[in-house]
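Please treat every number below as a calculation from the coordinates, not as lab data. Because the structure is a prediction, the values reported are computed rather than measured. Every residue, glycine among them, receives a Cβ derived from its backbone with ideal geometry; neighbour counts consider all protein chains shown.
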Amino acid sequence: MTRGQLIRNILRVAFLCVVASFVLAPMLATVLGGFKSNAEIRTSALSLPESWNLEFYGSIVSDPAFWRYLGNSLLISSAAVILTLIVGSAAAYVFAQIRFFGSRMLFSYLLLGLMFPFATAILPLFIKVRDIGLLDTWWAVILPQTAFSLSLAILLFRTFFEQLPKELFEAAYIDGCGYVRFFWRFTLPLSAPILATVGVFVFVQSWNNFLLPLVVLNSREAFTWPLGMMQFRGEYVTQWNRTLAFVTLTIVPAIVFFLAAQKYIVAGLTGGAVKG
Amino acid sequence: MTIAAANRRLPASERLRRSLSNGRVTAALVLLPPALILFSLFVMLPLGESAYYSFFNWNGYGTPTEFVGLENFERIAGHSIFHKAVGNTLKIVAVSLFLQMPLALLLALLIHRKTPTNAVFRLIFFLPYILAEVAAGLIWSFVFDGNYGITASIAGFFGADSFFILADREWAFAAVMTVIVWKYFGFHMMIYIAALQSVPEDQIEAARIEGAKRLQIVRYVQIPHIKPAIIVSAFFAIIGALQVFDVIIPLTNGGPSNQTHTIVTYLYTFGLTRLNIGFGSAVGVILFIAAITVALFYQRIFTRGKQA
């Protein structure tokens, strides 16, 4: 390595470290803040705590409401994922496998959801959910979320299904295997990668969703974790250490999940991006 | 011989019988409707109702009866807070295009090669993106807290008075945009990295042998190659700017004195929390038109970009 290259490399790493500290400093202050007294946060937000006080983390972990929020979110997100995968892949299979009059039109219709943001129709959605009597139930979150995920899911599924070898279906067909059975027995098992990608995408979106639960859920028993977190923040408005401990406990599972499923998340989130 | 070709030779009645017995029609009738029903009921129908309600003055109870024509739209058009919200949305677009995307591109160029160090940096930069917006907003509302946060520590370090940027009419939105850049630059960077990794190595090698400098390679080989990715990321920056909501609520909740609203927080605050369903629906319609315009524009640019 020449001297010029060395200097350039040092500058490069220095710049990357500056950006990395911009990214990490707020998160670090959050994690550490959960261990500190409020007086200590006040004087030194970024330093290591004088003593690692577990009281604030402990009080949240032992609060059943905290686990209920997480449990509600987990249930809602899982249900949205399962529904999206089943309903979306079934529709995409029809578009990929069966040619019929109007199929292109229906396909385009189902893709319309890609064109506009969720918030556009949030008020009529609220009215509809209320009129059906679903207000303050988990279904009020699950069903609209699934419906809005369908466009992207169907688009990605159809593309994938069309790339599966045609000979496979012809062979199965000649052996007397019908369309529905083929879908369950062959198409779905062969589509694990795309199912995982879409599943992760829908899960993350649903897990982090704030606007829809905010509009359709009223009682604390039904709250998802983002609502619970805002509620908690409102109750302890002068005690940052408690709020920071709460935030930390909710982002840790997200980060662990990310590290575990990194491949699918990056594919799902950036692949979801290249949907146009 | 394909199945379709084989079927075409058969008489119509036989074709119908076969397609019924092998489940072709059944398949379509069983597998397609759930998606159609869910999508129509919870996406398209509310969208249509949005347009309908926007012509009424309605508090959401009973059925809308007080038809007011375009009055809701006129009120929105004359509302200074809505102008502010639109201006803020445009500011987010500008910051995304001229600050966030160049930063993301620079970082992508620096770390797109697959080395262990680069992988660590990629991971760090992508981290904010996987956090929930609400969590990001709360974290930064702490950072910006003039009594407790990092800004307070920094101000204290320099012996300056602490300041409450989120309560400042002039600067609060700059703080909001900092959070948005922090949250999303890693996402744009990942799009560019994926594209940069698909640039054929021999093209870069060839340019180097021809005597091209590093910057020239970036300018004439790498950037032209990833142009579609840049268009995609610009599209996402704009569509994302139209949807900003979650981050604002914990940071400023639209304040101080309604200075930091975006279109969606405006819709939420003035439509839903006050149960002005007609008014809020009209905001939704405007948002819809904006989003569709962007999407159509994007399609034209993207198809032209592909042909070029």
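Quick notes on this one:
- Whole-number Å³ per residue for the convex hull built on Cα positions in the stretch B:206-248: 79
- Here is the list for the stretch B:169-226: GluC sites (Glu not before Pro) lying in DSSP coil, each with at most 15 other C-beta atoms within 10 angstrom of its C-beta, are B:170, B:210.
- Per-bin percent of Cα-Cα distances, the stretch B:114-247 [10 Å]: 11, 28, 28, 19, 12, 3
- In Å, descending, principal axis extents of the Cα set of chain A: 74, 68, 33
- Length, then width, then depth: along the principal axes, the Cα atoms of the stretch A:151-250 run 71, 24, 19 Å.
- Against chain A, whose longest principal axis is taken from its Cα atoms, helix A:139-163 shows a tilt of about 60°.
- A helix-only calculation puts chain B at -20000 deg cm²/dmol for mean residue ellipticity at 222 nm, using -39500 (n - 2.57) for each DSSP H run of at least four residues, averaged over all residues.
- Placed amide H near residue B:56: partners under 5 Å, 5+ positions off or other chain: B:68
- Calculated P(r) tail over 21 Å for the stretch A:72-149, as whole % of Cα pairs: 40
- Only Lys, Arg, Asp and Glu carry charge here, each on its Cβ (+1 for the first two, -1 for the last two); on that basis the protein assembly as shown has a dipole of about 1920 debye about its Cα centre.
- Among the listed pairs B:91/B:183; B:183/B:213; A:166/B:114; B:114/B:183; B:183/B:227, those beyond 27 Å (Cα-Cα): B:183/B:213; A:166/B:114
- Taking the square roots of 5 times each eigenvalue of the Cα gyration tensor of the protein assembly as shown, largest first, gives ellipsoid semi-axes of 41, 33, 24 Å.
- Charge dipole (debye, nearest 20) of the stretch B:144-226; +1 at Cβ of Lys and Arg, -1 at Cβ of Asp and Glu: 160
- Gaussian network model of chain A, Cα within-10 Å springs - most flexible of A:29, A:14, A:192: A:14
- Between 0 and 90 degrees, the angle of helix A:225-235 with respect to the longest Cα principal axis of chain A falls at about 30 degrees.
- Cα centroid separation, the stretch B:88-119 to the stretch A:1-77: 22 Å.
- Diffusion coefficient, µm² s⁻¹, Stokes-Einstein with Kirkwood Rh over alpha-carbon pairs of the stretch A:135-182 at 20 °C and 1.002 mPa s: 159
- Each principal axis of the Cα atoms in the stretch A:1-151 has its own extent, and those three values, largest first, are 67, 56, 26 angstrom.
- The Cα-based radius of gyration and maximum Cα-Cα distance (Dmax) for chain B are 26.0, 91 Å.
- For chain A, the longest principal axis of the C-alpha atoms and the axis of helix A:122-132 are separated by about 70°.
- Rounded to two decimals, the Cα radius of gyration of the stretch B:181-222 over 2.2 N^0.38 Å is 1.42.
- Only one residue of A:147, A:207, A:94 has its Cα farthest out toward the positive end of the dipole of the protein assembly as shown, where Lys and Arg carry +1 and Asp and Glu -1 on Cβ, and that residue is A:94.
- Kirkwood's formula applied to the C-alpha pairs of the stretch B:27-96 gives a hydrodynamic radius of 15.5 angstrom.
- Looking at the stretch A:53-125, the trypsin sites (Lys or Arg not before Pro) that sit in a DSSP loop and have at most 13 other Cβ atoms within 10 Å of their own Cβ are A:99.
- Ordered from longest to shortest, the equivalent ellipsoid semi-axes for the stretch B:174-290 are 43, 15, 9 Å, each the square root of 5 times a Cα gyration tensor eigenvalue.
- Phi angles of the stretch A:199-214 translate, via the Karplus equation with coefficients 6.51, -1.76, 1.60 and θ = phi - 60°, into HN-Hα couplings of x, 5, 4, 5, 4, 4, 4, 6, 4, 8, 4, 10, 4, 5, x, 4 Hz per residue; Gly and Pro are given as x.
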